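*Asks:* I have a structure here, written as structure tokens, and I will follow up with some questions on it.
The values are calculated or read from the model by the stated rules, or taken from the named source; none is laboratory data. Keep in mind that what you see is a predicted model, and the values were worked out from it rather than measured. Using ideal geometry, Cβ is built from the backbone for each residue, glycine included, and neighbour counts are taken over all protein chains shown. Only protein heavy atoms, including side chains, enter the accessible area calculation; ligands, DNA and RNA are left aside. Shrake-Rupley method; radii C 1.70, N 1.55, O 1.52, S 1.80 Å.
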Amino acid sequence: MDNAVTAKKKWWGGGHSPFSVSYGKLMMWYFLISDAFTFGALLISYGTQRFMAEAWPDPNVVFHAFPFMGHMDLPLVFVSLMTFILIMSSVTMVLAVHAGHNHDRKGVVKWLILTIIGGAMFLGCQAWEWTHLHEIGAWWGRNPFNNADGSAAISTNFTDFFFTITGFHGVHVTSGVVLNIIVLINVLKGTYEQRGHYEMVEKVGLYWHFVDLVWVFVFTCFYLL
């Protein structure tokens, strides 16, 4: 009886994915899920320290500078610009994937270039922010900021977590820019036209959207709370 039931089942014999998803796309989803656990662990650790501490630096005081604006007090304006740039790069990535689905080679090239420019601009902004914070004495193991209640800083946990998590995210953005450049080169060479599909653009797009989504959580935890 058991053998008869087993014979009626449609077992996967290899080849196409049982989830109607290509192998490459499935592996990208597995990677993103595992990476989400890593970011989640880091942010949960930060949140635990943040809410257990008696006092914590005020983000409006820490992140108030803007390039070429001297000593003007512009709380969170610069990081809001960074966030806008990254979100817009996610929009251009969507348009690149859409163009790939329509086999619009010129459209893929245009939107990928804009996505790469957006990613590079974000990294440039992050580099300026890190440089500025370092110049005023903030770094791993050093916290020059007063706590939100006006008392002197009592812990370096804020800067340790900030540079670790934003740096880890920055590495992901850098990887995404490099991947997009590689894909762009292949598009220009006609590689995906020869294959008959632009699935690689879609796979890199999944990674890029993940990086953007993670930034939303990083932005909320460090800059808003």
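*Asks:* How many residues does the range 180-225 contain that are closer than 14 Å to Val108 by Cβ, aliphatic (A, V, I, L, M) and open to solvent by 30 Å² or more (accessible area, probe 1.4 Å)?
*Replies:* Total meeting the criteria: 5.
*Asks:* Please specify each residue of the range 165-179 satisfying the condition of being among the β-branched types (Val, Ile, Thr), open to solvent by 60 Å² or more (accessible area, probe 1.4 Å) and touching a helix residue (DSSP H, G or I) at 6+ places or on another chain (Cβ under 9 Å).
*Replies:* The one that is among the β-branched types (Val, Ile, Thr), open to solvent by 60 Å² or more (accessible area, probe 1.4 Å) and touching a helix residue (DSSP H, G or I) at 6+ places or on another chain (Cβ under 9 Å): Thr174.
*Asks:* Next up: Within the range 116-131, is even one residue within 18 Å of the chain's Cα centre (by Cα), among the hydrophobic types (A, V, I, L, M, F, W, C) and over 23 Å from Thr92 (Cβ atoms)?
*Replies:* Within the range 116-131, one or more residues are within 18 Å of the chain's Cα centre (by Cα), among the hydrophobic types (A, V, I, L, M, F, W, C) and over 23 Å from Thr92 (Cβ atoms).
*Asks:* Which residue is farthest from the chain's Cα centre (by Cα), if the candidates are limited to the range 63-98 and must be open to solvent by less than 90 Å² (accessible area, probe 1.4 Å), within 30 Å of Asn186 (Cα to Cα) and without any contact (Cβ under 8 Å) to a residue 40 or more places away in the chain?
*Replies:* Top of the filtered list is Leu95.
*Asks:* Please specify each residue of the range 32-54 satisfying the condition of being hydrophobic (A, V, I, L, M, F, W, C) and either more than 14 Å from the chain's Cα centre (by Cα) or farther than 25 Å from Tyr198 by Cα (or both).
*Replies:* Ala36, Phe37, Phe39, Ala41, Leu42, Leu43, Ile44, Phe51, Met52, Ala53
*Asks:* Next question. From the list Gly124, Gly118, pick out the single residue that is free of Cβ contacts under 8 Å to residues at least 60 places away in the same chain and exposed (fewer than 15 other Cβ atoms within 10 Å of the Cβ).
*Replies:* None of the others qualify; the one that does is Gly124.
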